[in-house]
Amino acid sequence: MNKPIKITAIVGTYRKGGVIDTAVDEILASAQETGAETTKIHLIDKHIEFCTNCRSCTQQEGLERGECLLIDDMGSILDEIERSDAIVLASPMNFWTVTAVTKRFVERLVCFAYWPWGGKFPKARNPKKPKLAVLVASSAAPAVIARLFTRILGLMKSAVGLLGGRVVGVLFVGSAAEQRKQPLTEKTIRKARRLGKKLAGEKK
């Protein structure tokens with residue numbers, strides 16, 4: 001019997017049940033229907049310290065992530081991701097980029113880089129990207145404007161790249177702040193469900 005695909009979603013919204021959270025739920029529900037095992041992690045529920053840029057985690061050479069000196073939940077989150085076959089990274093746009101809690105998480109991914117003192121710049125420890133990844137974002141602006149004039153997706157793509165993921169789909173919900181409790185459109189739900197099946201349908 002084949003081992004089921006394992007998908008971990010990292011959600012950086014502050015509003016459970018909102019646009020981002022609901023879109024991720026649709027992706028994961030669709031993947032589950034295909035037999036995948038799914039985990040959703042809300043970053044607001046976790047204790048994640050700020051990266052102090054001490055670079056202790058970047059000094060030892062090797063493919064494995066470096067060890068951070070900070071004691072919090074970040075290690076267990078990364079363990080969960082490393083056990084996964086696929087990743088969903090989700091964040092609404094705040095001030096033209098990811099939320100602060102998502103940015104805090106992203107900055108801590110420096111542990112996946114090798115950057116000894118004297119080095120000019122960090123290098124990814126492992127350039128291989130065996131995991132599939134889907135990015136989920138939303139903005140008050142129309143999606144086409146937000147995608148053209150901000151770097152939110154570029155930042156999210158870089159983050160999943162460090163986590164060993166290659167982006168196979170993007171769900172960007174534009175004009176997402178027109179109502180206090182804005183429902184997803186049928187078009188958005190259909191795309192979310194297609195992405196869920198895509199993540200669950202192939203391992204590599």
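Taking first residues from segment 181-202 that are more than 24 Å from residue 37 (Cα to Cα) and partners that are at pLDDT below 95 and among the hydrophobic types (A, V, I, L, M, F, W, C), the Cβ contacts under 7 Å between residues at least 6 apart in sequence or on separate chains come to 182/176.
So, restricting to helices (runs of 4 or more DSSP H) that lie completely within segment 5-115, which ones have at least 2 residues that are touching a Cys at 6+ places or on another chain (Cβ under 8 Å) and not small (Gly, Ala, Ser)? Passing ranges, in order: 74-82, 100-107. Among all positions in segment 102-109, there is at least one residue which is touching a Phe, Trp or Tyr at 6+ places or on another chain (Cβ under 7 Å) and not aliphatic (A, V, I, L, M). Restricting segment 116-147 to residues that are at pLDDT below 95 and in a strand (DSSP E or B) leaves a set whose member that is farthest from the chain's Cα centre (by Cα) is 123. Being at pLDDT 95 or above, touching a Gly at 6+ places or on another chain (Cβ under 7 Å) and of a type in the set (A, V, I, L, M, F, W, C) is a property that residue 27 has. Of all the residues in segment 61-81, those that are in contact (Cβ under 8 Å) with a residue 12 or more places away in the chain, closer than 22 Å to residue 114 by Cβ and either in contact with a strand residue (DSSP E or B) (Cβ under 8 Å, 6 or more places away or on another chain) or surrounded by 14 or more Cβ atoms within 10 Å (Cβ to Cβ) (or both) number 10. The condition of being farther than 17 Å from residue 9 by Cβ, within 15 Å of the chain's Cα centre (by Cα) and not polar (S, T, N, Q) holds for residue 108.
Among the residues of segment 122-179, those that are basic (Lys, Arg) and closer than 17 Å to residue 81 by Cβ comprise 125, 128, 129, 131, 157, 166.
The values are calculated or read from the model by the stated rules, or taken from the named source; none is laboratory data. Everything numeric here is computed off the predicted structure, so don't read it as measured data. Counting neighbours? That spans all protein chains shown, and the Cβs are built from the backbone with ideal geometry, glycine included.
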